[in-house]
Each structure stands twice: as C-alpha cells, then as structure tokens.
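Participant: Following this message is one structure expressed as structure tokens.
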Amino acid sequence: MTPFQLIKSDLSRQTGCYSNKLLIKNLLNSNRSFKYIFWWRLTNSNRLVTRIFARYMHTRLSIKYQIQIPKEAKIGAGLNLGHATGIVISPSVEIGINCNISQFVNIGSNHGKAALIGDNVYIGPMVCIVENVVIGNNVTIGAGSIVVKNIEQDSTAVGNPCRIVHKNDPARYIKNQYYA
C-alpha cells in the first residue's frame, strides 16, 4: 500500500469515515494521534521532497509528543494511537492491521528482533512487550501488562507476567475496522 492509502485507513479507523475535508481538519486541529501517524507514514514516501519534509515533521512531533516510532517499523493499515504520548516502538517490530496502541506503551528488544503482532490487537496503557514474542490476531492486552511470552489468537491477556484470562469477545475495543 502507498503511504496515502495507509493514511486514509488510519483516519478512517479514528473517525469512522474519510474525506479530504476531514483529513485537513484532523491535521490542523489537535488530533495528536493522527497528526503523528500522518507524518510518520510519509517518511517512507517515494517523493524526495515529501520524504525530507515528513522526516523533519516526524522528528519534531516525536520530541513534542514523546513518541518514538522509527520509520523502519512495519505497521499495517488502520493504526490508532490512543492518547498519543509516551510510546516507544522498536524498528524491528511487525504489526498487522487495525492495531490500537495506548499511552506509555513500550515494544522493544535488547537482542535484535522485537514482537510480531497480529491483526485487530488492542494494547492497553503502560504495556511492555519484550523481545521476540508473537501476539496472535484478535487479542486484547490489559493495562500494565508485561508480555514476555507468546499470546494465542482470540484471547484477552493481563498481568505481570502476562497470562490469558479469557477468550470472550477479544479485540472488543477495535472500532471502525479497516478491511484490506
């Protein structure tokens, strides 16, 4: 997908629809989440001028909002950053479509490869996902969890260390899903 198609899917996830007027409104108003995602997506643009300006804006907003998502991170369509502050993601992460990432989330690795996260995953506030774990599709990870082991699909997991608590209505917080 092109960066613009990804931007369109991200805005649709956050607002429930897409229009050029809505795009401009969200860039000019205080939608920190969309503003950050917009410039982050454009850091991989094919156009040199766009890419250079986007990298400048991405760096500026990374400092302002305390979000570190490197341009090398592979994140699918429909990304939603909850409150858009205090997020740190490793460049080696792979995230599927329709992912919600809340405030103060860390996804990283000390030994190379970070997590592989499936589609329709909700990551609650203050979650740490450590090392090369696999998180399946349709998963909810509760606030304050420390994920050090794989989480199977269609489940809700919480705690330190994170463990599956039930399989009822997983990913229930994923609204306005984008379908590829």
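Participant: I'd like the full set of residues that are crowded, with 17+ Cβ neighbours inside 10 Å, hydrophobic (A, V, I, L, M, F, W, C) and over 18 Å from Lys175 (Cα atoms), limited to region 118-145.
Facilitator: Once the filter is applied, which keeps residues that are crowded, with 17+ Cβ neighbours inside 10 Å, hydrophobic (A, V, I, L, M, F, W, C) and over 18 Å from Lys175 (Cα atoms), region 118-145 yields Val127, Cys128, Ile129, Val130, Val133, Ile135.
Participant: What do you reckon, is Ala84 touching a residue at least 40 places away in the same chain (Cβ under 8 Å), touching a Ser or Thr at 6+ places or on another chain (Cβ under 9 Å), on the phi > 0 side of the Ramachandran plot and in a loop (DSSP other than H, G, I, E, B)?
Facilitator: In short, yes.
Participant: Here is a list of conditions, (1) assigned to a loop (DSSP other than H, G, I, E, B); (2) open to solvent by less than 40 Å² (accessible area, probe 1.4 Å); (3) not β-branched (Val, Ile, Thr), and Asn46 meets all of them except one; can you say which number that is?
Facilitator: (2)
Participant: Provide a single number: the residues in region 19-35 that are open to solvent by 50 Å² or more (accessible area, probe 1.4 Å) and within 19 Å of the chain's Cα centre (by Cα).
Facilitator: Selection size over region 19-35: 2.
Participant: Among the residues of region 70-78, is there at least one that is under 19 Å from Arg13 (Cβ atoms), touching a residue at least 40 places away in the same chain (Cβ under 8 Å) and open to solvent by 40 Å² or more (accessible area, probe 1.4 Å)?
Facilitator: no
Participant: Now for a different question. Would you be able to say whether some residue in region 87-96 is of a type in the set (A, V, I, L, M, F, W, C), in contact (Cβ under 8 Å) with a residue 24 or more places away in the chain and open to solvent by 20 Å² or more (accessible area, probe 1.4 Å)?
Facilitator: No, every residue in region 87-96 fails to be of a type in the set (A, V, I, L, M, F, W, C), in contact (Cβ under 8 Å) with a residue 24 or more places away in the chain and open to solvent by 20 Å² or more (accessible area, probe 1.4 Å).
Participant: Cβ-Cβ under 8 Å, sequence separation 6+ or interchain: first residue in region 6-28 and closer than 21 Å to Cys99 by Cβ, partner of a type in the set (Lys, Arg) and buried (at least 23 other Cβ atoms within 10 Å of the Cβ). Which pairs?
Facilitator: Pairs found: Leu6/Arg41; Ile7/Arg41; Asp10/Arg41.
Participant: Residues that are under 13 Å from the mean Cα position of the chain (by Cα) and of a type in the set (S, T, N, Q): which strands (runs of 3 or more DSSP E) entirely in region 89-180 hold 3 or more of them?
Facilitator: So the answer is none; nothing clears 3.
Participant: Hey, another quick one. Look through region 104-114, keep the residues that are open to solvent by less than 50 Å² (accessible area, probe 1.4 Å) and modelled with pLDDT of 95 or more, and return whichever of them is nearest to Pro70 (Cα to Cα).
Facilitator: This residue is Ile107.
The values are calculated or read from the model by the stated rules, or taken from the named source; none is laboratory data. Values in this document were obtained by computation on a predicted structure and should not be read as measured data. When we count neighbours, we look across all protein chains shown, and the Cβ atoms used for this are built from the backbone with ideal geometry, even at glycine. Please note that ligands, DNA and RNA were not included when accessible areas were found on the heavy atoms of the full protein model with its side chains. Shrake-Rupley method; radii C 1.70, N 1.55, O 1.52, S 1.80 Å.
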